[in-house]
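Here the structure comes first, spelled out in structure tokens, and everything after it is commentary.
The values are calculated or read from the model by the stated rules, or taken from the named source; none is laboratory data. Remember, it's a predicted structure, so these values are computed and weren't measured experimentally. Note that each Cβ is placed from the backbone with ideal geometry, even for glycine, and that neighbours are counted across all protein chains shown. The protein model used for the area step is the full one, side chains on, heavy atoms only, and it has no ligands, DNA or RNA in it. Shrake-Rupley method; radii C 1.70, N 1.55, O 1.52, S 1.80 Å.
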Amino acid sequence: MNLEELDKAQIIEILKIQQAKKKYVITPTSILKNLGFPIIEHSFIIKNKSVLLNLKQILKELDQDGILIKRISKQDFLGTKEIGYDYISEK
């Protein structure tokens with residue numbers, strides 16, 4: 001899978017599959033982790049900043065579309081604070 005080509009529809013499909021298995025906090029890095037990318041490697045995160053920014057934007061749009069709901073507290077991953085979301089419905 002090409003990271004630069006991730007779009008809203010693909011993210012929704014990933015969320016449906018993952019939420020059916022186990023409920024988890026949705027963040028850009030949790031999506032990448034569930035896709036099998038090595039997010040624990042700092043160099044991977046540094047090399048893919050634009051992908052993370054794109055995922056943040058997609059998650060923000062899904063929140064505005066009523067598919068996700070933003071959590072009050074931020075999630076911490078390796079010292080980086082991320083906005084976490086919960087999957088609430090399908091439109």
Listed residues 32, 53, 62; largest mean-square fluctuation, Gaussian network over the chain with Cα springs below 10 Å, found at 53
Within the accessible area of the stretch 8-87, what % is carbon and sulfur when the probe is 1.4 Å and the other protein chains stay in place?
56
Can you list the lysines whose alpha carbon sits under 25 Å from that of residue 16, skipping same-chain ones fewer than 8 residues off?
8, 33, 49, 56, 60, 70, 74, 81, 91
Write down the accessible area per residue of the stretch 8-87 in Å², having rolled a 1.4 Å probe over the full set of protein chains.
59
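Please identify every one of the GluC sites (Glu not before Pro) in the stretch 1-57 that sits in a loop by DSSP and has no more than 12 other beta carbons within 10 Å of its own beta carbon. All intermediate terms of the calculation are to be shown ahead of the outcome.
On the way: sites: 4, 5, 13, 41; in loops: 41.
Those satisfying the criteria are 41.
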If I take all pairs of Cα atoms in the chain, what percentage of them are more than 18 Å from each other?
39
Using the Cβ atoms and a cut-off under 11 Å, what net charge is assigned to the surroundings of residue 28, where Lys and Arg are +1 and Asp and Glu are -1?
+3
Expressed in nanometres to one decimal, the distance between label points 7 Å along Cα→Cβ at residue 44 and residue 81 is 2.5
